[in-house]
1. At a threshold of 8 angstrom on Cα-Cα distance, excluding pairs fewer than six apart, so keeping six or more, what relative contact order does chain C reach in percent?
2. Cα to Cα, under 29 Å, and not fewer than 8 places away if on the same chain: which lysines meet these conditions relative to residue C:104?
3. Can you pull the Kirkwood radius for the stretch C:207-290, inverse mean 1/r over Cα pairs, to one decimal in Å?
4. Rounded to two decimals, what is Rg over Rh for chain B when you use alpha-carbon atoms and the Kirkwood radius?
5. Express the C-alpha Rg of the protein assembly as shown as a ratio against the empirical globular expectation 2.2 N^0.38 Å, rounded to two decimals.
6. Just how far, in whole angstrom, is the stretch C:191-248 from the stretch C:53-67 if you go by their alpha carbon centroids?
7. Going by how many other beta carbons lie within 10 Å of each one, how would you line up B:116, B:105, fewest first?
8. Apply the membrane-span-like helix rule to chain A: whole DSSP H runs, Cα extent along the own long axis of at least 18 Å, mean Kyte-Doolittle hydropathy at least 1.6. List the helices found.
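No value in this document is a laboratory result; all are computed from the given coordinates. Predicted model, so just to flag it, every value in this text is computed and none were measured. Because the Cβ atoms are built from the backbone with ideal geometry, glycine has one as well, and the counts that use them run over all protein chains shown.
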Amino acid sequence: MSATTRREWLLSDTPASRAQARWGRRYQLWLAFRRNWLAVAGLLIVVAMLLLAIFAPLLATHDPGAQQLANRLQPPSAAHWFGTDELGRDSWSRLLYGGRVTLGMVVAVVILVAPLGLVVGCVAGYAGGLLDKVLMRVTDVFLAFPRLILALAFVAAMKPGVESAVVAIALTAWPPYARLARAETLTIRNTDYIAAVRMTGASHWRVIWKHVTPMCMPSLTVRVTLDMSSIILTAAGLGFLGLGAQPPIPEWGTMIATARRFILEQWWVPVIPGIAIFTASLAFNLLGDGLRDVLDPKQR
Amino acid sequence: MSQLPMIAIEHLDVHFGSSHVVRDISFSVAAGETFGLVGESGSGKSTVLRTIAGLNPGWDGRMAVAGQNLGPRRDRAFFRRVQMVFQDPYGSLHPRQTVDRILAEPLEVHGIADAEARIARALEEVALPHTARFRYPHQLSGGQRQRVAIARALIADPSVLLLDEPTSALDVSVQAEVLNLLSDLREARQLTCILVSHNLAVIAHLCERLAVMQGGRIVEILSEAELRAGRAKHSHTQDLIALSYELEG
Amino acid sequence: MSGMNNGNLVEIRDLRVDFPNPSGFTQAVRGISFSMGREKLGIVGESGSGKSVTGRALMRLLPQAARVRAEALRFDGIDVLGASERQMRTLRGGRIGLIMQDPKYSLNPVMTVGRQISEAWLAHNRSGSGGGGKREARDAALTLLEQVRIRDPKRVLGSYPHEVSGGMGQRVMIAMMLAPNPDLLIADEPTSALDASVQAEILKLIEDLVSARGMGLMLISHDLPLVARFCDRVVVMYAGQVMEELPARDLHRAQHAYTRGLLDCMPSLSKKRARLPTLTRDAAWLERHA
């Protein structure tokens, strides 16, 4: 009974309060999202992976760093669910702790990159003129470098490690966001509703922050989820080259890198972190696709 | 004209890049008067309005509102005094904001207190039901949206209202309702208005005086009575009047 | 009844169109019936009255999701709902031409005007014996542009849509639709995007062409007096139903409150009124027809 009334409250055509209108809109988006089962599957996988990473200390069966040289390169068994690596460390535990590092890097990159790209793009698009030219040329410079090479150069200049890998990936990942936000802003800034907001006497910052950026958010959100997989792969690439997380720390890319010698005889050692990266990338892509369908007003 | 005009425009020129869109335009509007700008598309009538509103930067000449000369940038006080209603009610409301949020924006910008009561009163004034308050623009009809736009323009108590084809995107029955609303509000709030339209009948209905524009120039300024009596001197005005009668049937 | 298509170009009986929405179906057209011969018929109504949907249904141009039902929906005896897609292609743009509101959006921006008209001509004349040459198509395009009274047809032939004015664009659109020599022209708000002076010229042009070629014209518009001036007969629609059908010259003697209301609520240059009468919508208008 209370479930149906809550549903009615959310779907009401005549919301009575600000909060009801806001929640109603979110609920509608959720309903639209829920209809796309692939996207829902993507969301479930992403949530599951994040939970596994967060609760790694509880779920891990072994210490991810503990070496057991007598037990190296074991196939999956009851004692070691995913087998052991070349130093006899438990792969399942390393995968869980590796998820913390890898997914943590992805989240950190996104938190750095999305707002930076959004602000640069919206300001450039809204201001136009000289400021636009300067900001966009800077963006072009970053865009012109191959992503991995630039990241490599940054990491090489700093000391290899998770933090510098995050900064390096962030520095190479923001330009597409700025471009996207600028393109959106260019179409938004000449609309009557922005003219109407300017007519209220609002400052430029207020117009950009309160009225332009919300319109850019959907496409940026989608772009972020689609980018997550390539961030994982870049992080893995840096790890693979020994420039990301350093050896004792488990990280999916590094795990593959160090185990690549065993691909023929003990194939499960490198393949298991590979599957983890693949699953995470796929889940983020499915989620991104679903979000685009729901959030993009032009699609409806 | 004993007192200072509310709006005075002298020798206004507007350029968009290399094209000269408005050429040497002068007119003035007395306080409480409604002045019409009529012309075909491309005559520059909307450009004049947007330039007064501060939405076009490239202009020369002198413009004054309530005796104060307008500079290249408008201050907040200007926007408190002058407001605008746009042509397309589908495009002039932010698609992701509720009516409540749209109406609250001018109040927040100007730091006006008792938003709650003012929004409720504004909705009442434009005859929108209270249930419309938390709806999104796409949930409203064209006429309702234009009422929201009018409510937004009036919520900070301006004295000048610029109307850019406020009814041309609406059905005739809705147009009648909006025109009635505008004349009521103008009466009640002593507004000074400039109305831009391509429709002579709409202009004649609301305005006391009007300027006929062609190719960026004002070809003639005449009173509503002169318009209705067909006492136009310029041939373009005569053409427009003849056409208007023809279409009335 | 079945063999009676001699006079009727279009026959619509109990047409119903529903569009899906999140909670079921929205009824856009609710059981309308009318027929027309080679005449000028105006369909008038406000936004949401279902007037455009009716025109689109006749060409089967509605989105897949729309549910279209009718006792009869026939064009020149052809059952539109039962016809094959191939048959429909010869109707659309062949025997039925459609002119839409804004030429800016209905002309291809990266193709010259001449090519667009030639292609339209070629598409429906290719089957002719030996015909269908590029040269021939170009000549046909030139003739068509002359027919829609474009002063400098040679120059317009080589120009792109953005290089011509709105009125000119609409003339080009008309020329394109006339290329296959259709039996029926559906004009959906053909002049709403144009200035009043151009509006009259374009409608006069359509009227002349339709009369000269003996076509049928279905003029869909929100502008009652305008439609009345250019049509023989007017169908007034409201909320997906036909309110009234009457000869255009009797418009000022319209019976229905809706028609009268529409005519009355327009501001007028000839008579001054302090307030405009507004339309009171009566629920009974819908019940009577449902």
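1. Worked out over chain C, it gives 24 percent.
2. A:298, B:45, C:40, C:51, C:134, C:154, C:204
3. 14.5 Å
4. Numbers: Rg = 18.0 Å, Rh = 18.7 Å.
Result: Rg/Rh = 0.96.
5. On the way: Rg = 33.0 Å, N = 839, 2.2 N^0.38 = 28.4 Å.
That works out to 1.16 for the protein assembly as shown.
6. 21 Å
7. B:116, B:105
8. Values: long enough: A:18-34 (24 Å, -1.01); A:37-54 (25 Å, 2.90); A:91-127 (52 Å, 1.56); A:129-144 (22 Å, 1.11); A:162-189 (39 Å, 0.60); A:213-240 (38 Å, 1.07); A:268-295 (40 Å, 1.22).
Flagged H segments are A:37-54.
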